[in-house]
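*Asks:* Structure incoming, see below.
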Amino acid sequence: MLAETVCSAVSAAGLGIAAVTAYRKRFLTAVRIAAYSLIPVGLVMTGAVGWLARTAFSPLAWAGFGVLGASWALFALTRAVERRRGTRAARAVTAVPVSPSASAPALGRNADRGSGSAAAPSAPAKSSSDDFSDIEAILKKHGI
């Protein structure tokens, strides 16, 4: 009951300040003050003030906030240790071992992969002007 009275008084005072501000021809500021002053009454009418009052004096609720805080602290601690060690990045790099022959480019190799020796490319190498001919055709098509 006391919380509702205090919230109503705060809202009435805010609306009075908004009226004085509007009288001084500062309408935008007056509307903003009126909006802020209506918040306490709205909270009382929705029941949020009663919920907050029950929660503030409940030891079980405070224990729950403590557990949530401990959980957050543990997440932050593991994240800090992970950043310091760099384990997440190292795990991503060494996730799958790769053989040296797997990193060689596949375009210039023969069909016989079992030999392990690098063979001559199957197609003749293109000159640099041939590489861009299709790009040039696209650009000309669009008038660039």
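The numbers here are math on the coordinates, done by the rules we state, and not lab data. These numbers come from a predicted model, not from an experiment. Cβ placement follows ideal geometry from the backbone for every residue including glycine, while neighbour counts extend to all protein chains displayed.
*Asks:* ³J(HN,Hα) across the stretch 73-82 via Karplus (A = 6.51, B = -1.76, C = 1.60, θ = phi - 60°), whole Hz, x for Gly/Pro?
*Replies:* Coupling constants for the stretch 73-82: 5, 5, 4, 5, 5, 5, 5, 5, 5, 5 Hz.
*Asks:* Once phi is turned into ³J(HN,Hα) by the Karplus curve 6.51 cos²θ - 1.76 cosθ + 1.60 with θ = phi - 60°, what whole-Hz value does each residue of the stretch 34-48 show in order, with x for glycine and proline?
*Replies:* Using θ = phi - 60°, the values come out as 4, 5, 5, 6, 7, 4, x, 5, x, 5, 5, 5, 7, x, 5 Hz.
*Asks:* Here's another thing I want to ask about it. Sorting check: for 25-31, 71-77, which peptide has the highest mean count of neighbouring beta carbons within 10 Å, and how do the rest follow?
*Replies:* The packing order, highest mean first, is 25-31, 71-77.
*Asks:* Once you sort the root eigenvalues of the Cα gyration tensor of the stretch 14-54 as a ≥ b ≥ c, which label holds: rounded (a/c under 1.5), prolate (a/b larger than b/c) or oblate (the other case)?
*Replies:* Judged from the Cα gyration tensor, the stretch 14-54 comes out prolate (a/c at least 1.5, a/b above b/c).
*Asks:* With θ set to phi - 60°, apply the Karplus curve 6.51 cos²θ - 1.76 cosθ + 1.60 along the stretch 15-31 and write out the HN-Hα couplings as whole Hz, x wherever there is a Gly or Pro.
*Replies:* Rounded to whole hertz, the list is 5, x, 5, 5, 5, 5, 5, 5, 4, 8, 6, 10, 5, 4, 5, 5, 5.
*Asks:* Rounded, prolate or oblate, given the Cα gyration tensor of the stretch 35-90, with a/c below 1.5 counting as rounded?
*Replies:* Oblate, because a/c is 1.5 or more while a/b does not exceed b/c.
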